[in-house]
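This report refers to the structure that appears directly beneath it.
Each reported figure results from applying straightforward, stated rules to the coordinates on display, with no laboratory input. No experiment lies behind these values; they were computed from the predicted model shown. Counting neighbours? That spans all protein chains shown, and the Cβs are built from the backbone with ideal geometry, glycine included.
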Amino acid sequence: MCGLRIYFLCLVVASCILFGVSHATSDSICVLSDAPQQCGAFCLAALHPLYDQYSKSRQQEHSQEAMAMVKMIADSRTEQKELLTDYYLDVRELLNELAANLTSTARRDESTLQNMPNMQKLSISLLLVFFACHARVSSAATQSVCLLQDAPQQCGEFCLTVLSPMLDHIARHQDEWTSSILQANETEARLGRIEALQTAMHYRQKVLQEGLAKDIGSRLDRLESQQAALLRILTKFNRKIVPPKFELIGSRYFYIEDETRRNWTSAGSCCLQMGAQLAIIRSAEELASLKAKLNKERHYWLGITDLAREGDFRSSASGKRPNFFKWRAGQPNNFSGNQHCVDLLDGLMYDNKCEGLSYFVCQSDDDSLD
């Protein structure tokens, strides 16, 4: 009778324990088929609005630093997921070891029960069955159960707690990033204004240079014309001032050197020292007037030569071709290939060697100004 009472007492205790476990499980256990994956999904669901808001904000800012922080968040999320997976594997391994220990204990207890009375064996067997079932339920719960009252809320809160330092870091530096972006925009705007000013300055400089070149050109033209007019005035004035030893022959003043003979170059230098030049005869009338003053047996140098180009006789003072020539028959003949200077003999022109010695005639006016 006592054994029957013990048997019923064990049944009541086992029923109460099973009922309590079942009740506690229904109140505080959320059964999940894949706890890490689903808890991660709850976490992503809680973070999704924050992540969307953050993405929109960063897209508006167009900042590389913010994109780096988003990558950091993603990396942190991956790292947390890996940590949760490692934790799950460690717990599972511990529970497997506990189940193995319980199984070995049960086997030892079973061998002990073989030596006990039947009723005690039955009671202890029921207790062992209960503990074994409880151990399997705990093992199964560890593999597929997340002990949470509100899984979405608690998993999301867990993730937010883990990410809180990173989010605080972003919040602390948000103002700095915004200020940096504003400074960059302001700097870019200032650079744009500076470039615009430089462009305007280059344009004005170009306009001024073109205008200055035209103005300088026109001024130089005016100066040249004024200088030419002034030279003409001075020429007329100089003609009225007759150097010493010059006499009026025809319409101009000439100096006749009848004392010293010189070569053609030295004769020209002597005329220059007197403020004159070797004479250029301009007409037959002037030649006739000058011939009357010259010794018809002497040669007199004139300011005509073809040293620059054979056969092209020009004035030594102006480089122009004289308007009047009166060559002797057969002249110029450039005898021996070295006759390049012109002299006058008895009213006729000859080409002779420039190194030869002759008398010479100077004129007071400047032939280059005519």
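Taking H placed 1.01 Å from N in the peptide plane, check which residues at least 5 places from Gln277 or on another chain put their amide H under 5 Å from its amide H.
Gln363
Looking at segment 244-331, which chymotrypsin sites (Phe, Trp or Tyr not before Pro) are in a loop (DSSP not H, G, I, E or B) and have at most 16 other Cβ atoms within 10 Å?
Sites meeting the loop and neighbour criteria: Phe324, Phe325.
Using a ≥ b ≥ c from the Cα gyration tensor of segment 222-365 (square roots of the eigenvalues), is it rounded, prolate or oblate, where a/c under 1.5 gives rounded and otherwise the larger of a/b and b/c decides, a/b for prolate?
prolate
Can you count the Lys pairs in segment 247-369 with C-alpha separation below 19 Å, eight or more apart or on different chains?
Taking the Cα cut-off of 19 Å, the pair count is 4.
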